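Every read-out reported here was derived from the displayed coordinates using simple, explicitly stated rules and does not represent laboratory data. Owing to the predicted nature of the structure, the values given are computational and were not obtained by experimental measurement. Cβ sites come from the backbone with ideal geometry, for glycine too, and all protein chains shown count toward neighbours.
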Amino acid sequence: DEPRRRRVDDVVLLGLAALTVLAAALLADETGDAGPAAVEALDGLLGWLEPLWTVAYGASGLLVAGILVAALVARRWALARDAALGGVLAFLIGALVTLAVEDRWPAWSGVLWRADDVTYPSVRLAVVAAVALVALPDLTRPYRYAALAVVGLCALAATVLGEAYPAYVVGGLALGMGVGAGVRLTFGSSAGFPHEQRVLADLGALGIDAVAVARDRKQRGGVARYRAVGGDGA
């Protein structure tokens, strides 16, 4: 139940994501055969690890499902709403971008598993990136790192397996990050609030004797405010 707020970082991320989606679309349209050539080169270099890439590609779907299930089980309704909304919006906006760029709808099978045709952007990556970005502030550190690793491996796996060309991967990741930043701006997020135990440890490192730390109910933009109780009760 951490407090939520809107952050300037998400405004910047949303703007950069929009520019990246546009740039990747132009690049995908102009590179022609460069995309298939890049996939062929990566397959020749890393294709012998195909079982690993298949597992990584499938793990991205499990990541999305796991975040949604965990939020529901923990009754974190706001997180479940934000993650679900991020995934749905990434899917819908990705489909509209594909229609605008390639004048056709994306291969829907590619969102659930493997696509028969490559389209810009990678909608599956967009969905995964959006859900992961929305959930990151609420995940414990080990799961946060695991989620980032899954997204990164899925992006590489999509290229090696021929599910998306490099520009399509960049476009999908950018679209997902933009949607995630938009959801966080709309509802706020707990990003930027260090855990109380971390603040307590940092106070100890500074030589300040504190036995309890709690977030201040009064927060303002740009900083995270805490109240601490000293060893003498002050």
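Report summary: the helix-based calculation at 222 nm, which adds -39500 (n - 2.57) for every DSSP H run with n ≥ 4 and divides by the residues of the chain, gives -22500 deg cm²/dmol.
Of the trypsin sites (Lys or Arg not before Pro) found in the range 47-92, the ones in coil according to DSSP and having at most 16 other Cβ atoms within 10 Å of their Cβ are R75, R76.
Ordering 89-98, 224-233 by mean Cβ neighbour count within 10 Å, with the highest value first, yields 89-98, 224-233.
Relative to the longest principal axis of the chain, what angle (0 to 90°, nearest 10) does the C-alpha long axis of helix 50-73 take? Approximately 40 degrees, to the nearest 10. Between helix 77-102 and the chain, what is the angle of the helix's C-alpha long axis to the longest principal axis, kept within 0 to 90° and rounded to the nearest 10? The angle comes out near 30 degrees. If you line up the long axis of helix 141-160 against the longest principal axis of the chain, both from Cα atoms, how many degrees apart are they, to the nearest 10? Compared with the principal axis, the helix lies near 10 degrees.
Of the peptides 165-171, 198-204, 152-158, the order by per-residue mean of other Cβ atoms within 10 Å, starting with the highest, comes out as 165-171, 152-158, 198-204.
So for each of 138-145, 182-189, 3-10, 19-26 I average, over its residues, the number of other beta carbons within 10 Å; can you give me the resulting order with the highest mean first?
182-189, 19-26, 3-10, 138-145
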